[in-house]
Each structure stands twice: as structure tokens, then as C-alpha cells.
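**Q** Pasting a structure here, questions to come.
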Amino acid sequence: MALLDTNPPVLDAEAPSQFKVLTVVSMLLLSLSIAWAFVDPRLIDGVPVWMKPLKFSLSFVALFGTLALIEPLLSDRARRGVTLKLTGWAMAAAYLLEMAYMFYMAARAEASHFNLSTPWHQTMYTLMGAGAVTLIAGVAVFGWVVRQDERAAMGPALREGIWLGFLATFLLTFVVAGYLSSSGGHFVGLHPEGAPTLPLFGWSGVTGDLRPAHFASIHAMQALPLLGLWLDRRGGAGSVRTVRIAALGYGGLTLALFGQALLGLPLILLG
């Protein structure tokens with residue numbers, strides 16, 4: 001219960017939450033990325049320069065949108081407590097730094113990830129890594145607050161799904177993304193220029209690709225809470241146990257995707 005502050009600060013009840021604001025900002029950045037993609041035909045390694053900011057903006061819409069949907073279910077004490085506020089500010093700072101750098105590098109038609117060409121690029125890549133750790137750690141803290149908040153307006157399966165889903169996102173992403181960031185690229189093996197990729201996602205169809213496992217890891221925070229919500233609405237005994245079993249299965253599936261990539265095998269063989 002230590003994370004739930006006994007004497008939270010008095011805040012304006014009408015003020016929008018940090019997570020709602022960050023969701024709106026992400027939606028605006030997504031719109032800008034799409035608009036600029038239509039007028040800027042430049043490529044980086046055969047990919048449109050605005051694709052990276054577009055994908056990350058969309059991912060952050062999902063991340064902050066999930067937090068914004070769950071936050072109103074918390075008790076007033078947890079929602080207004082210092083722990084959640086500080087977590088939101090830390091995540092906001094990391095997010096804004098990462099997106100500002102990605103937009104800046106896209107405008108220069110330079111890669112933002114795995115770009116160690118100069119000491120400045122190396123420093124910024126390190127800061128992006130620190131920011132990524134801050135973001136997923138923030139997700140874990142949010143999940144812990146939900147778990148500790150006995151007055152939250154949610155069923156037991158949803159609470160368990162949020163807690164385990166957020167924890168899984170932290171642990172699995174730490175493993176997969178940590179390896180990815182230190183490996184110098186998302187391919188394991190040779191992906192020749194022009195080789196087939198999975199439509200929409202761009203994952204390799206000919207060699208190992210770490211991105212499917214990364215995708216699975218970051219979306220545990222949506223998959224398991226949705227399962228918990230469905231189980232609560234369906235009713236019946238054993239819903240919390242079902243969520244726990246599903247969490248183990250989801251973690252195993254993510255690690256299997258990670259292992260498949262490390263073996264140099266594509267998610268779906270396309271060529």
C-alpha cells in the first residue's frame with residue numbers, strides 16, 4: 001500500500017489527466033506524420049522517412065490511450081496520488097524527448113535508431129534507450145498502483161489482467177527490446193534489399209526479425225486486460241486463475257517468437 005499516498009495533493013478535479021493529454025498529443029503527431037508522408041517522398045533504407053514517427057505515434061496512442069481509459073477506474077486517492085503523477089511526468093518527458101528526436105531525424109532523412117555515426121548520435125541513441133526504459137517502467141508502476149488500489153471500480157479479473165499485463169509488458173519488453181537495441185538492427189541474418197516483407201508491418205519474410213516478439217511484448221498491456229474485462233462480464237468462477245494462466249501462455253508465446261527470430265527464422269516464410 002506504500003505506493004498509494006495517504007495525503008495526496010488537492011488537485012483541480014476538472015483538469016485533464018496527463019495520460020489523456022499525452023494520448024491527444026500522440027494523435028496529433030500521428031496526423032502530422034501521415035500528412036508529411038504524402039508530401040515528402042524521401043526514403044531511408046528503402047522505407048519512407050516518416051514511417052518511423054508514424055509507427056511510434058500510433059504505438060503511443062495505444063499506450064497512453066490504454067492508461068487514460070484505466071485511470072478513471074481508480075479510486076480518487078490513487079488517481080490523485082503523487083506516485084501516479086510523478087510516473088506520468090517521467091513518462092511524458094521520456095516520450096517527448098524520443099518523439100522530438102525521431103521527428104528531427106526524419107526531417108533530415110537520417111535514421112534515428114541504430115544510428116551511431118557520430119558521438120552526438122551515439123549520445124542521443126543512449127538517451128532514447130533510457131527513455132524507453134522509463135516508459136516501460138512507468139507502465140509497471142501504473143500496474144502496481146492498480147493492484148494495490150482496493151477501491152478501484154473494476155472486477156477481479158480485470159484488475160489481475162491489468163497488473164499482469166503491465167508487468168509482462170515491462171519484463172518482456174526489457175528482454176526483447178534490450179537485446180534488439182544492442183544488436184545493431186532488428187534482423188537476425190541477411191534480409192536482402194527488395195526481399196518480401198509482411199504487409200503493413202514490414203517484418204522480414206526471409207530471415208529472423210525481432211520485431212514480432214517486440215510487438216507482442218508491448219501489447220501484453222492491452223491483451224491481458226481485455227481478457228480480464230471479458231471474463232468479468234461473462235461471470236463464473238476461476239476468472240483470476242484463467243488470467244494468470246493466460247499471462248503465462250502469453251509470455252511463453254512472446255519468448256517463442258523471440259527464440260524463432262534468434263534462430264534466423266521469419267515469422268511467416270514469404271520467399
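The values are calculated or read from the model by the stated rules, or taken from the named source; none is laboratory data. Being a predicted model, the structure only gives us computed values, none of them experimental. Ideal geometry is used to build each Cβ from the backbone, glycine not excepted, and the neighbour counts take in all protein chains shown.
**Q** Is region 159-182 home to any residue that is crowded, with 19+ Cβ neighbours inside 10 Å and free of Cβ contacts under 8 Å to residues at least 24 places away in the same chain?
**A** Yes; the residues of region 159-182 include at least one that is crowded, with 19+ Cβ neighbours inside 10 Å and free of Cβ contacts under 8 Å to residues at least 24 places away in the same chain.
**Q** Determine which member of the set V175, V206, V146 is in contact with a Pro (Cβ under 8 Å, 6 or more places away or on another chain) and either at pLDDT 90 or above or not assigned by TED's automatic domain parsing to the domain that holds L73 (or both).
**A** V206
**Q** For L4, work out the one condition from (1) modelled with pLDDT under 95; (2) crowded, with 17+ Cβ neighbours inside 10 Å; (3) in a helix (DSSP H, G or I) it doesn't fulfil.
**A** Just one mismatch for L4, condition (3).
**Q** I've got another one for you. Have a look at L58, L74 and point out the one that is in contact with a helix residue (DSSP H, G or I) (Cβ under 6 Å, 6 or more places away or on another chain) and not aromatic (F, W, Y).
**A** Among L58, L74, only L58 is in contact with a helix residue (DSSP H, G or I) (Cβ under 6 Å, 6 or more places away or on another chain) and not aromatic (F, W, Y).
**Q** Moving on to the next point. If only one of A195, A247, A261, A220 is over 26 Å from L69 (Cα atoms), of a type in the set (A, V, I, L, M), crowded, with 21+ Cβ neighbours inside 10 Å and in contact (Cβ under 8 Å) with a residue 40 or more places away in the chain, which one is it?
**A** Being over 26 Å from L69 (Cα atoms), of a type in the set (A, V, I, L, M), crowded, with 21+ Cβ neighbours inside 10 Å and in contact (Cβ under 8 Å) with a residue 40 or more places away in the chain holds for just one of A195, A247, A261, A220, which is A261.
**Q** Do any helices (runs of 4 or more DSSP H) lying entirely in region 173-271 carry at least 2 residues that are closer than 14 Å to G161 by Cα, and which ones are they?
**A** Hits in region 173-271: 220-234, 239-262.
**Q** What is the residue count in region 38-62 for residues that are in contact with a Leu (Cβ under 8 Å, 6 or more places away or on another chain) and part of a helix (DSSP H, G or I)?
**A** Residues flagged as in contact with a Leu (Cβ under 8 Å, 6 or more places away or on another chain) and part of a helix (DSSP H, G or I) within region 38-62 amount to 6.
**Q** Could you check region 50-98 and list, in sequence order, the residues that are surrounded by fewer than 18 Cβ atoms within 10 Å (Cβ to Cβ), touching a residue at least 40 places away in the same chain (Cβ under 8 Å) and under 20 Å from S217 (Cβ atoms)?
**A** Within region 50-98, S59, A62 meet the criteria.
**Q** Can you tell me which residue in region 240-271 is farthest from the chain's Cα centre (by Cα), limited to those that are among the small types (G, A, S) and within 30 Å of H191 (Cβ to Cβ)?
**A** That would be G271.
**Q** May I ask you to say which residue of A107, A111, A94 is more than 18 Å from R147 (Cβ to Cβ), at pLDDT 95 or above and either in contact with a His (Cβ under 8 Å, 6 or more places away or on another chain) or not polar (S, T, N, Q) (or both)?
**A** A94
**Q** I'm checking my understanding of the structure. Among residues of region 223-239 that are under 30 Å from G178 (Cα atoms) and surrounded by fewer than 19 Cβ atoms within 10 Å (Cβ to Cβ), which one is farthest from the chain's Cα centre (by Cα)?
**A** Going through the qualifying residues, I end up with L226.
**Q** Exactly one condition in (1) under 22 Å from T242 (Cα atoms); (2) surrounded by 17 or more Cβ atoms within 10 Å (Cβ to Cβ); (3) within 18 Å of the chain's Cα centre (by Cα); (4) not assigned by TED's automatic domain parsing to the domain that holds A90 is not met by A140; state its number.
**A** Among (1) under 22 Å from T242 (Cα atoms); (2) surrounded by 17 or more Cβ atoms within 10 Å (Cβ to Cβ); (3) within 18 Å of the chain's Cα centre (by Cα); (4) not assigned by TED's automatic domain parsing to the domain that holds A90, A140 violates only (4).
**Q** Now for a different question. Kindly provide the set of residues from region 63-78 that are assigned to a helix (DSSP H, G or I) and more than 28 Å from M128 (Cα to Cα), ordered by number.
**A** Correct list: P72, L73, D76, R77, A78.
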